[in-house]
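Engineer: Shown below is the structure under consideration.
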Amino acid sequence: MSFIASRDNPRVRRWRALARDARERRRQRRAMIEGENLVSAFLQSGRSVEELVLSKSGSARDGFMALAARTGKSPTVLADPVFRSITDTESPAGIAAEIAIPATVPDLKKSNACVLLEGIQDTGNVGAILRSAAAFGIRDAVLGKGCADAWSPKVLRAAAGAHFEMLLAEGADLEAALGEFGGRIICTVPRGGIPLASTDLSGRLGWLLGGEGQGVSDALAARATLKVSIPMSGSAESLNVAVAAAICFYEMARKRGEC
């Protein structure tokens, strides 16, 4: 194991950039994942980390060393303050990994179910939607321009490993993606749509979800096959987009006998 005690070390500066700068992630096609659960989920998917990084205190934990053994690579150990500098959490777990961002994107012509996101900027919402999609059998996601960076640390944490079960496309032309998919497109609207429970959710479905507040744009909504709503008995104007997505995905899986 090598040990680094300086924040100015070139490798540390690079990891810090990958954790904080979406442009660097896109340029290098690399990202940083942090925490035992994410690193374990990544390895469980059959992929190999580029580098494993431990804090000095983390290197004393048997569980972290067991993960290091699974990678087949000698970890780099950072002084605790240096490790904190490459994360965006106040109390980092003490284990992180540099990973390659997959080049493979969804083949929408063959996709049985996909989710298409327009202008969803909240990192927690993007991550939660991906987590729910993976949980209910959706393996393809297309993020249009203006969405939060799917490989940011906050999205990765919120998705809880969903990235490693799915194929993702970012910065996509959603008009083109809708045409490529070719199946039925369901657009969620707060009110006035077909009640979700009454909707036919068989066949190839694409779930079109819009950004917080403004929802799906008129141009894309016009391309939808169906508009659905989730009936609410309370006074709330609408549901959070990630909550609505989870309900929709569950209902689709339930009607298909998949859960």
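Engineer: Look at region 66-76 and say how many of its residues are modelled with pLDDT of 95 or more and either crowded, with 23+ Cβ neighbours inside 10 Å or at positive phi (or both).
Structural biologist: 1
Engineer: Across region 66-91, which residue is nearest to residue 156 (Cα to Cα) among those that are small (Gly, Ala, Ser) and touching a residue at least 60 places away in the same chain (Cβ under 8 Å)?
Structural biologist: Filtering first and then ranking leaves 85.
Engineer: Starting from region 130-150, take each residue that is over 12 Å from residue 171 (Cβ atoms) and list its partners that are among the aliphatic types (A, V, I, L, M) and assigned to a loop (DSSP other than H, G, I, E, B), counting only C-beta distances under 7 angstrom and pairs at least six apart or across chains.
Structural biologist: Going by the 7 Å Cβ cut-off, the qualifying pairs are 130/166; 131/160; 133/166; 134/166; 139/166; 140/166; 141/166.
Engineer: Keeping to region 194-225, report how many residues are under 21 Å from residue 254 (Cβ atoms), of a type in the set (A, V, I, L, M) and either free of Cβ contacts under 8 Å to residues at least 12 places away in the same chain or buried (at least 17 other Cβ atoms within 10 Å of the Cβ) (or both).
Structural biologist: Counting residues in region 194-225 that are under 21 Å from residue 254 (Cβ atoms), of a type in the set (A, V, I, L, M) and either free of Cβ contacts under 8 Å to residues at least 12 places away in the same chain or buried (at least 17 other Cβ atoms within 10 Å of the Cβ) (or both) gives 5.
Engineer: Is region 45-57 home to any residue that is assigned to a helix (DSSP H, G or I) and either assigned by TED's automatic domain parsing to the domain that holds residue 83 or under 13 Å from residue 86 (Cβ atoms) (or both)?
Structural biologist: no
Engineer: Of all residues in region 118-156, which are out of contact with any Gly (no Cβ under 6 Å at 6 or more places or on another chain) and part of a strand (DSSP E or B)?
Structural biologist: Listed by number, the residues that qualify are 140, 141, 142, 143, 144.
Residues are listed down the side, and each one gets a yes or a no for (1) hydroxyl-bearing (Ser, Thr, Tyr); (2) more than 30 Å from residue 38 (Cβ to Cβ):
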| site | (1), (2) |
| --- | --- |
| 163 | no, no |
| 179 | no, yes |
| 194 | no, yes |
| 210 | no, no |
| 217 | yes, yes |
| 230 | no, yes |
| 234 | no, yes |
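Engineer: Still on this structure, please answer the following. Quick one: which of 155, 115 is within 30 Å of residue 88 (Cα to Cα) and touching a His at 6+ places or on another chain (Cβ under 9 Å)?
Structural biologist: Exactly one residue qualifies, and that residue is 155.
Engineer: Report yes if residue 118 is buried (at least 16 other Cβ atoms within 10 Å of the Cβ) and touching a Cys at 6+ places or on another chain (Cβ under 8 Å), otherwise no.
Structural biologist: yes
Engineer: Hey, could you check region 131-156 for residues that are among the aliphatic types (A, V, I, L, M), buried (at least 22 other Cβ atoms within 10 Å of the Cβ) and in contact with an Asp or Glu (Cβ under 7 Å, 6 or more places away or on another chain) and say which is nearest to residue 225 (Cα to Cα)?
Structural biologist: Among residues in region 131-156 that are among the aliphatic types (A, V, I, L, M), buried (at least 22 other Cβ atoms within 10 Å of the Cβ) and in contact with an Asp or Glu (Cβ under 7 Å, 6 or more places away or on another chain), the one nearest to residue 225 (Cα to Cα) is 143.
Engineer: Now for a separate question. What pairs come out if I take residues in region 23-34 that are assigned by TED's automatic domain parsing to the domain that holds residue 48 and pair them with residues that are among the hydroxyl-bearing types (Ser, Thr, Tyr) and surrounded by fewer than 15 Cβ atoms within 10 Å (Cβ to Cβ) whose C-beta lies under 9 Å away, six or more apart or interchain?
Structural biologist: Qualifying pairs under 9 Å: 34/89.
Engineer: Another question, if that's okay. What number of residues within region 157-188 satisfy the criterion of being buried (at least 19 other Cβ atoms within 10 Å of the Cβ) and either touching a Gly at 6+ places or on another chain (Cβ under 7 Å) or under 30 Å from residue 231 (Cβ atoms) (or both)?
Structural biologist: The total comes to 14.
Engineer: Would you check which residues across region 37-65 are among the hydrophobic types (A, V, I, L, M, F, W, C) and surrounded by 14 or more Cβ atoms within 10 Å (Cβ to Cβ) and list them?
Structural biologist: Scanning region 37-65 gives 38, 39, 41, 42, 43, 49, 52, 53, 54, 64, 65.
Engineer: Checking residue 191 against (1) buried (at least 17 other Cβ atoms within 10 Å of the Cβ); (2) modelled with pLDDT under 95; (3) of a type outside the set (Asp, Glu); (4) over 19 Å from residue 126 (Cα atoms), which test does it fail?
Structural biologist: (1)
The values are calculated or read from the model by the stated rules, or taken from the named source; none is laboratory data. These numbers were taken from a predicted model, which means no experiment stands behind them. A quick note on method: Cβ atoms are made from the backbone with ideal geometry, for glycine too, and the neighbour counts reach across all protein chains shown.
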